[in-house]
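Enquirer: Take this structure first; my questions come after.
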């Protein structure tokens, strides 16, 4: 019985195909056995494993072994970008990260949610686009469908919804613009 409507709920089909679930199981197993435990010097090995599972990764990218990636083929990372320790890339839909971008420790890039207004609670996947020269600070959360333009900063534990303008510093939940980002060179 459905607690929300009081009616019997029909059997809901899985949100993802059998092949998708097998692909994710194979990747998780490979990552656990071959990458998760590796030291920092094994970055090239981790990148090769991600590429083997379909991730598109530019040169000079750094990804720690503790990073959690849901589906590598939905991950595109530009050159010289970094995913810090314990980042979570919930890549149900494509997650695109530009060049020279830093996603700090324990940040979450979440490309999936549920439609809580539908009694069937269906999964909703929306892509995330993160530009170049962006900094997503520690433990920040980027929601499904968010677009972060070049040079933006999302402060620690900030929650990004929708759109973050270029070269602007954001913080809070929900993230609010604090000031322009003036990059010194």
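Enquirer: Just order 76-83, 22-29 by mean Cβ neighbour count inside 10 Å, highest at the front, would you? Intermediate values should be presented prior to the final figure.
Expert: Working: 76-83: 20.5, 22-29: 13.8.
Sorting 76-83, 22-29 by mean packing, highest first, produces 76-83, 22-29.
Enquirer: Going by C-beta contacts inside 10 Å, put 135, 167, 39 in order with the fewest on the left. Walk me through the numbers before you get to the answer.
Expert: On the way: 135 20, 167 16, 39 9.
Least crowded to most crowded, the residues run 39, 167, 135.
Enquirer: Here's another thing I want to ask about it. Show me the ranking of peptides 128-134, 31-37, 50-56 by mean Cβ neighbours inside 10 Å, starting with the highest.
Expert: So the order, starting with the most tightly packed, is 128-134, 50-56, 31-37.
Enquirer: Quick check on the exposure proxy: order 89, 143 from fewest to most C-beta atoms within 10 angstrom.
Expert: Least to most surrounded, the residues fall as 143, 89.
Enquirer: Any chance you could get the radius of gyration and Dmax over the Cα atoms of the chain, in Å?
Expert: Rg and Dmax of the chain, Cα atoms, are 17.8, 63 Å.
Enquirer: For residue 26 and residue 177 in one chain, what is 0.36 nm times their gap in residues minus the Cα-Cα distance, to one decimal in nm?
Expert: 50.3 nm
Enquirer: Within a 10 angstrom radius of the beta carbon, how do 90, 100 rank from fewest other beta carbons to most?
Expert: Numbers: 90 21, 100 18.
Ranked by crowding around the Cβ, least crowded first: 100, 90.
Rule-based calculations on the coordinates, nothing more; no lab input. Computed from a predicted model, the values in this text were never measured in an experiment. Quick reminder, even Gly has a Cβ in these numbers, built from the backbone with ideal geometry, and neighbours come from all protein chains shown.
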